[in-house]
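Note sheet for the following structure.
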Amino acid sequence: MKPVRHIPVGAAVIGAEERAFINECLDTNWVAQGKFVRLFEEELAAYLGCRHAVAVSNGTAALHVSALALGLKEGDEVLVSASTNMASAFAMFYTGAVPVPVDVERDTWQMDARLLEGKVTRRTRAIEVVHLFGQPVDMDPVMTVARRHGLRVIEDCAEALGARYHGTTVGTIGDLGCHSFYANKIITSGEGGMVTTNDAALAERARQCANFYYGKKQKFMHEDVGFNYRLPNVSAAMALGQLRRIDRILADKERIATHYRRRLAGVRGLRVPVTRPWAKPVLWMFNLAVEREFPLGRDELMAQLAERGIETREAFIPINRQKVFLERGLVKDDDCPVANELMETGLYLPSGISLTTEDLDYVCDAILSLA
Ligand SMILES: *Cc1c(COP(=O)(O)O)cnc(C)c1O
């Protein structure tokens with residue numbers, strides 16, 4: 001039987017301002033580069049409270065140019081949160097650097113900073129934290145280890161635009177912050193990304209790298225091997241419209257998180273992530289772990305929900321379990337036991353801002369009926 005409802009895991013909501021800005025690009029013919037790129041950069045930097053923002057074509061490109069701006073290269077090692085979208089690891093690997101997975105905390109799903117010190121070797125150059133599912137990583141201990149060993153810090157904020165750590169927005173604490181505006185992220189331009197930093201030299205390098213490293217005196221004598229990672233004006237126009245509504249978007253996201261928490265937090269065998277007192281998370285997707293006390297396993301729960309028209313996704317497969325890294329002998333599959341456990345027990349629920357209270361109750365009722 002076909003389910004009567006369909007609740008997608010996420011869906012972009014495009015407003016009138018985005019449409020008006022995009023139409024302005026079309027009407028004026030400024031479709032590639034144009035004023036919306038600069039405006040979006042300026043307003044995102046102002047929103048986050050940092051000096052520089054460089055727009056790029058997607059979040060993976062933001063991570064790649066960040067790695068290059070820091071001079072990462074073959075033989076270097078980068079300590080990365082084990083549980084993440086593989087873009088975090090791939091982008092480092094593009095430079096020849098090896099992503100070294102660091103296990104996560106069971107209750108927050110975030111990088112366990114206590115494990116960093118033990119992973120530092122002579123080759124370690126950087127730490128890449130991932131603010132996963134919109135929760136900030138505990139940055140103070142990360143920065144302490146970084147300072148002690150002279151490491152640079154990249155923050156992958158693709159899922160966490162607007163999240164705060166001790167009141168400071170993520171993406172402004174380490175050397176570089178990387179943001180994504182893919183369709184399912186907090187704000188979207190379809191595809192899009194941004195590098196944020198307070199360091200003018202890093203910003204300049206990221207900007208040049210994303211734009212072919214054109215020569216300053218002689219344009220076509222390139223200063224280095226560059227990439228075309230530019231964000232089109234049309235996309236920036238869409239992102240700017242979204243950014244101007246971000247407070248409302250985040251409030252809607254919080255409504256969804258609060259609803260799920262209120263109805264699911266006490267359920268035996270379901271574990272919702274803990275928020276530390278210093279954390280002001282944003283909701284990317286509502287994640288939870290299905291533990292042994294729950295009558296169904298994670299996969300069975302997902303299948304039962306799918307039969308009711310409710311889309312879910314399983315937790316990320318960690319870096320140390322990816323065959324491309326295992327085959328190259330770069331990781332060991334039992335390296336990060338907590339990330340491995342979350343891979344088996346974790347999932348995320350529909351979290352798009354168009355979900356109504358009725359939709360949320362439909363999802364929660366379905367889960368409770370199986371509990
Ligand atoms: C989405 C995502 C990325 C990649 O961003 P794209 O814009 O899709 O390239 C990187 N890291 C994390 C944690 C993500 O969720």
Which listed residue, of V324, V363, V331, is at pLDDT 95 or above, β-branched (V, I, T), under 24 Å from T258 (Cα atoms) and in contact with a helix residue (DSSP H, G or I) (Cβ under 9 Å, 6 or more places away or on another chain): V363
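To keep it simple, each residue is scored yes or no on (1) in contact (Cβ under 8 Å) with a residue 24 or more places away in the chain; (2) buried (at least 20 other Cβ atoms within 10 Å of the Cβ); (3) assigned to a loop (DSSP other than H, G, I, E, B).
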position	(1), (2), (3)
G118	no, no, no
R125	yes, yes, no
E128	yes, yes, no
F133	yes, yes, no
A158	yes, yes, yes
L161	yes, yes, yes
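Could you list all residues from segment 158-169 that are within 14 Å of M139 (Cβ to Cβ) and away from the ligand (no atom under 12 Å from the Cβ)?
Of segment 158-169, the ones within 14 Å of M139 (Cβ to Cβ) are 160, 163-169.
Result: A163, R164, Y165, H166, G167, T168, T169.
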Within segment 232-255, tally of residues that are buried (at least 16 other Cβ atoms within 10 Å of the Cβ) and in a helix (DSSP H, G or I): 16
Any idea which residue in segment 84-103 is farthest from the ligand (Cβ to nearest atom), counting only those that are crowded, with 23+ Cβ neighbours inside 10 Å and in a helix (DSSP H, G or I)? M92
Determine, yes or no, whether R106 is farther than 30 Å from A237 by Cα and either more than 16 Å from the ligand (Cβ to nearest atom) or touching a residue at least 60 places away in the same chain (Cβ under 8 Å) (or both). yes
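If I filter segment 221-231 for residues that are among the charged types (D, E, K, R) and either surrounded by 13 or more Cβ atoms within 10 Å (Cβ to Cβ) or in contact with a His (Cβ under 8 Å, 6 or more places away or on another chain) (or both), do I get at least one hit?
Taking segment 221-231 and keeping what is among the charged types (D, E, K, R), we get 223-224, 230.
Remaining after also requiring either surrounded by 13 or more Cβ atoms within 10 Å (Cβ to Cβ) or in contact with a His (Cβ under 8 Å, 6 or more places away or on another chain) (or both): 223, 230.
Yes, segment 221-231 contains a residue that is among the charged types (D, E, K, R) and either surrounded by 13 or more Cβ atoms within 10 Å (Cβ to Cβ) or in contact with a His (Cβ under 8 Å, 6 or more places away or on another chain) (or both).
Is it true that some residue in segment 336-348 is acidic (D, E), surrounded by 15 or more Cβ atoms within 10 Å (Cβ to Cβ) and part of a loop (DSSP other than H, G, I, E, B)?
Our first condition is that a residue be acidic (D, E); within segment 336-348, this holds for 341, 344.
With surrounded by 15 or more Cβ atoms within 10 Å (Cβ to Cβ) added as a condition, the list becomes 341.
From what's left, part of a loop (DSSP other than H, G, I, E, B): none.
No, that holds for no residue.
Is segment 12-26 home to any residue that is under 17 Å from the mean Cα position of the chain (by Cα), within 16 Å of the ligand (Cβ to nearest atom) and at pLDDT below 95? Break it down stepwise before answering.
Narrowing segment 12-26 to residues under 17 Å from the mean Cα position of the chain (by Cα): 12.
Imposing the further condition that a residue be within 16 Å of the ligand (Cβ to nearest atom) reduces the set to 12.
Okay, now just the ones that are also at pLDDT below 95, so 12.
There is at least one residue in segment 12-26 that is under 17 Å from the mean Cα position of the chain (by Cα), within 16 Å of the ligand (Cβ to nearest atom) and at pLDDT below 95.
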May I ask you to list the residues in segment 1-49 that are hydroxyl-bearing (S, T, Y) and exposed (fewer than 14 other Cβ atoms within 10 Å of the Cβ)? T28
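Among the candidates S57, S81, single out the residue that is among the polar types (S, T, N, Q), closer than 30 Å to D334 by Cα, in contact (Cβ under 8 Å) with a residue 24 or more places away in the chain and buried (at least 17 other Cβ atoms within 10 Å of the Cβ).
Values: S57 fails: closer than 30 Å to D334 by Cα.
Checking each option against the conditions leaves just S81.
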Residues of segment 259-288 satisfying the condition of being among the β-branched types (V, I, T) and either within 21 Å of E344 (Cα to Cα) or crowded, with 19+ Cβ neighbours inside 10 Å (or both): V267, V272, V274, V282
So I187 ticks every box in (1) in contact with a Cys (Cβ under 8 Å, 6 or more places away or on another chain); (2) closer than 25 Å to I7 by Cβ; (3) within 16 Å of the ligand (Cβ to nearest atom) but one. Which box is left unticked? (1)
Is segment 126-145 home to any residue that is on the phi > 0 side of the Ramachandran plot, at pLDDT 95 or above, within 12 Å of the ligand (Cβ to nearest atom) and among the hydrophobic types (A, V, I, L, M, F, W, C)? yes
Between a first residue in segment 190-213 that is touching a residue at least 12 places away in the same chain (Cβ under 8 Å) and a second residue that is part of a helix (DSSP H, G or I) and more than 16 Å from the ligand (Cβ to nearest atom), which pairs have beta carbons less than 7 Å apart while being 6 or more apart in sequence or on different chains? T196/A45; T196/L48; T197/A203; L202/A69; R205/A69; A206/A69; C209/A69
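Would you check if T196 is farther than 17 Å from L250 by Cβ, among the polar types (S, T, N, Q) and surrounded by fewer than 20 Cβ atoms within 10 Å (Cβ to Cβ)? Step through it out loud before you land on a result.
Details: farther than 17 Å from L250 by Cβ: yes; among the polar types (S, T, N, Q): yes; surrounded by fewer than 20 Cβ atoms within 10 Å (Cβ to Cβ): no.
No; evaluated as a whole, the condition is false for this residue.
The values are calculated or read from the model by the stated rules, or taken from the named source; none is laboratory data. On a predicted model such as this, the values are computed, not experimentally measured, just so you know. Every residue, glycine among them, receives a Cβ derived from its backbone with ideal geometry; neighbour counts consider all protein chains shown.
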